Amino acid sequence: MKVIRHLRNSAFLTCAILIILTQTTCTGEFTESTGTTSSSDSPNVKYVFYFIGDGMSTVQIHATEMYLASLADGYSDSNINIEKTKNLSFRDFPAFGMATTYAANRFITDSAAAGTALACGKKTLCETVSLSTDRKTPYTTIAELAKAKGMKVGLVTSQGIDHATPAVFYAHEENRYNYYNIGVQLANSNFDYFAGGSLHEPARRATRVRRGAAAGESVESKNTYDVAKENGFKIVTSREELDNCKPGERIIAYNKAEESKNALNFEIDRPDNCMSLAEFTAKGIALLDNDKGFFMMVEGGQIDTACHNNDAVASIYDTIAFDKAIKEAIDFYKQHPKETLIVITADHETGGMSIGYGTSYDTAFELLKNQKMSWDKFVNTVLSKYSSGQWNGVEDNIPDGLKADFNEAFGLVYDRLNPYEKDLLENAYDKHMSNTKRMRMTINEFRQQDQLLYGDKNPVGITLTRILNSRAGIGWPTVAHTGTPVEVHAIGVDCESFTGFYDNTDVPKKMAKIMGVNLDN
């Protein structure tokens, strides 16, 4: 932990500067121009919004703003139309801070450990859901305290509602991938609103001995959705059904068309019949609003997935979708400025995304608008037509039809690629087809090179997005998480407490103090 203390001490000057610059902008009576609320004589906050952009650090935010600027008329890299550059909504919040994200056992965290820190104010091991580092003692979550105080509680995500980030607010589990156990805890919770992707494992089959069953008999556990219904939840799977829900009903909502994905589509791919993150958020506000107030956590989970895929455009679109959800909270805040707190942060950064690639200072963000679908959709609906990913006798050369698809999906004309880019794609295609000439390497050499080049991703898909991204001026050193600190933005009651440089465990502690609850119990 000495290294961690050194890292935090080295940020002292940054911290001091942030406090000096931001403290003066977050005090005094609330006005539309300053967006502040006095901390003196203010009652405990009634409405709390907690937005978590999974995988979203500073670069993901600024890349989105730069992309929006590139859509402005007259944009060019040498003459950016600054007047048409628009900050994302939360970047105008009066309170700004930065938070470290390390886990109890690693500098580079995962969503379970980071989520636990953001929900409980305590560190834990990676892959652990709101349990102590011995994976035995449950941590109390800020959502549980809100519910105990009498507030209604809602959790919204573009990932599955049993995924790590939402799970840390209601579940206590040794491993984030124990989806059935987490789902059962969701079904038995006393929370009021869950919305987003579907459960990963609503039913589980296990081979075990039980009374009245033969040894080794396969026994199917009770369906989690049925448990939820018995506990008073209503399951809704369409926009029409959700529209008809009334305050007082306890709801689990997801898009039936996305059930097999266990997540929302990437925003760039979202069909019209599927509800968006903003829609789930808006309806949650309507359903949760009551005299005792509410606590709502909203996760932009697909930002992380896009960055794992090194897909800048999909990340940008989902960051925009996340911002639209935040705007729903801002609209509510404007009606209740002296009773509301909105906090925006992230669990970690993903991909090491950089604005700047190679040795050039040039960017060309306008090229990104040529991408028409996510990496994921291209692989599953376009590339899959050419092979199953196994060697099947197809020639080594990339088929002309697939070359045309490169242009249709990403705006990349194969014949106009430079020799280096062509070589990257041809090697990726060979790998995709399990071409035998690449298998002449030893197994260890093959696996090492494969991991360095593609991670666990489809080689053709990730090569295409990297080529487009590099041409736009975006780089990716990894397909994993990084240890980069994340931004914290706040507006509303006592928002000034979120200024400065601190650890992610401090975020819910600050919220708990404003809410008048004790997170250390």
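Where a number appears in this text, it was derived from the coordinates with a stated rule and is not lab data. As the structure is a prediction and not an experimental result, all values here were calculated from the model. No Cβ is skipped: glycine too gets one built from the backbone with ideal geometry, and neighbour counts run over all protein chains shown.
Table for the structure above
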item: Burial order of peptide ranges 499-511, 259-271 (average beta-carbon count within 10 Å, highest first); result: 499-511, 259-271
item: Virtual spin-label span in nm between Asn418 and Lys338, 7 Å along Cα→Cβ; result: 6.1
item: Residue exposure sequence - Lys152, Lys403, Lys369 - by fewest surrounding Cβ within 10 Å; result: Lys369, Lys403, Lys152
item: Inter-label distance, nm, simple model (7 Å from Cα along the C-beta direction), Lys385/Asp362; result: 3.3
item: Likely footprinting exposure, Ser470, Ser384, fewest C-beta neighbours within 10 Å first; result: Ser384, Ser470
item: Per-bin percent of Cα-Cα distances, the stretch 279-402 [10 Å]; result: 9, 28, 26, 21, 10, 5, 1
item: For the stretch 312-380, alpha-carbon Rg relative to the globular expectation (2.2 N^0.38 Å, N residues); result: 1.55
item: Test item: Cα-centred dipole of the stretch 451-511, Lys/Arg +1 and Asp/Glu -1 on Cβ, debye; result: 420
item: J(HN,Hα) series, the stretch 268-279, from Karplus relation 6.51 cos²θ - 1.76 cosθ + 1.60, nearest Hz, glycine and proline x; result: 5, 9, 5, x, 5, 7, 10, 5, 8, 4, 5, 5
item: Förster-model FRET efficiency, 41 Å R0, Glu240 and Asp456, C-beta, rounded to 0.05; result: 0.60
